[in-house]
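These notes are about the structure you will find just below.
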Amino acid sequence: MTPPPGQNWIVKSHALGNDYLVLDPSALTFALTPQAIQRICDRHLGAGSDGILALVPSSRADFGLRIYNPDGSEAEKSGNGLRIFAKFLYDHGYTDRTAFTVDTPGGIAGITLHLANGRIEQMTLDVGRATFHSTEIPVAGPPREVVDEIIEVGEQKLEITAVSVGNPHCVVFVPDLDLIDLHRLGPLLETHPLFPKRTNVQFAQVVARDRVQILIWERGVGETMASGTSASAVAAASVREDMTDREMTVSAPGGDLRVTVGEDWSIRMTGPASEVYAGTLSADMVAAMEGF
């Protein structure tokens with residue numbers, strides 16, 4: 001059911017281990033400030049999550065979505081977040097349709113729900129169009145396609161391909177993921193001067209023409225078990241480099257996503273999402289939020 005305003009009602013869900021709190025701001029008695037976001041997402045002091053998904057009005061699509069990182073910043077788009085949000089909308093009575101659109105700062109996404117015995121089993125997301133052009137990602141420097149570009153990171157030279165699927169990504173292809181120090185290189189790439197809005201980072205190992213394995217350092221979050229837009233960006237970069245076919249499985253530590261890259265660089269992704277719990281924030285938690 002749809003929660004009444006003022007109940008401080010939230011839902012926690014995950015998509016392949018990438019967890020989000022979903023809420024309707026009209027049900028909150030406090031403002032969703034950066035400080036409040038940081039506290040709610042804190043895994044020791046709050047409910048704990050990789051971010052917050054907030055339902056907002058939209059004049060361009062069936063629903064609107066704002067995506068907040070645990071550091072209080074805002075993300076343009078999240079593939080896992082969109083699947084979690086779609087499940088929230090369907091399971092909690094905001095819609096009874098199995099196909100609808102969601103407006104994000106990174107563009108409008110179409111979502112189709114695949115049901116089995118009345119429950120959502122998988123969801124297919126129209127992620128958007130991939131671009132490698134520096135002005136659209138964005139990447140600093142002269143206008144260009146950022147493909148196989150050498151940059152220096154912590155006295156180490158890396159070959160990167162930058163891509164946007166509505167949010168920025170930096171893909172680094174490597175022969176062996178086991179040799180990657182994600183917690184050292186991830187933050188250095190995320191905040192590299194080449195990326196004026198910071199960037200999401202993926203290290204990718206192509207294991208077959210239809211399978212790629214990845215590690216993810218998410219902007220404003222850190223290491224995550226899965227990311228839908230990361231999988232999409234890696235898929236696009238893999239096709240651009242002719243390392244894979246246009247249909248592939250992208251495997252992250254949290255599980256697999258099926259991704260298709262169209263001839264026009266449009267991307268479709270299919271994967272699951274699961275609800276963990278639904279409930280209300282405690283009076284103590286709400287008092288802390290209202291103090292910010």
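Once the Cβ-Cβ distance of V276 and R198 is raised to the sixth power relative to R0 = 35 Å, the FRET efficiency obtained is 0.80.
Working from Cα pairs under 8 Å separated by at least six residues, relative contact order for the chain is 20 percent. Rg and Dmax, both from the Cα atoms of the chain and both in Å, are 18.6, 55. Straight-line cross-link partners of K12 among the aspartates and glutamates, defined as a Cα under 17 Å from its Cα and at least 8 positions apart when in the same chain: D24, D42, D50, D91, E275. Computed over every Cα-Cα pair of region 59-146 and binned at 10 Å starting from 0, the pair-distance distribution P(r) comes out as 15, 40, 29, 12, 4, 0 percent. Average projection, convex hull of the Cα set of region 99-161: 6.9 square nanometres. Just so you know, the Rg over Rh for region 34-109 is 1.00, from Cα atoms, with Rh as the Kirkwood radius. Each other residue within a Cβ distance under 15 Å of E145 adds +1 if Lys or Arg and -1 if Asp or Glu, for a net charge of -3. Converting the Cα gyration tensor eigenvalues of region 131-264 into ellipsoid dimensions via √(5λ) gives semi-axes, longest first, of 20, 17, 13 Å.
Computed from point charges on the beta carbon alone (+1 for Lys and Arg, -1 for Asp and Glu), the dipole magnitude for the chain about its Cα centre is near 540 Debye. Mean projection of the Cα convex hull over all viewing directions, computed for region 182-235: 3.9 nm². Per-residue packing, averaged as other Cβ atoms within 10 Å, sorts the ranges 145-156, 74-85 into the order 74-85, 145-156, beginning with the highest.
For region 89-229, what's the relative contact order in percent, using C-alpha pairs closer than 8 Å and at least 6 residues apart?
That works out to 15 percent.
Calculated on the alpha-carbon coordinates, the convex hull of region 68-224 measures out at 136 cubic angstrom per residue.
Since every read-out is calculated from the coordinates, none of them should be taken as a lab result. All values derive from a computational prediction rather than experimental measurement. Heads up, the Cβs are rebuilt from the backbone with ideal geometry, glycines too, and the neighbour counts pull from every protein chain shown.
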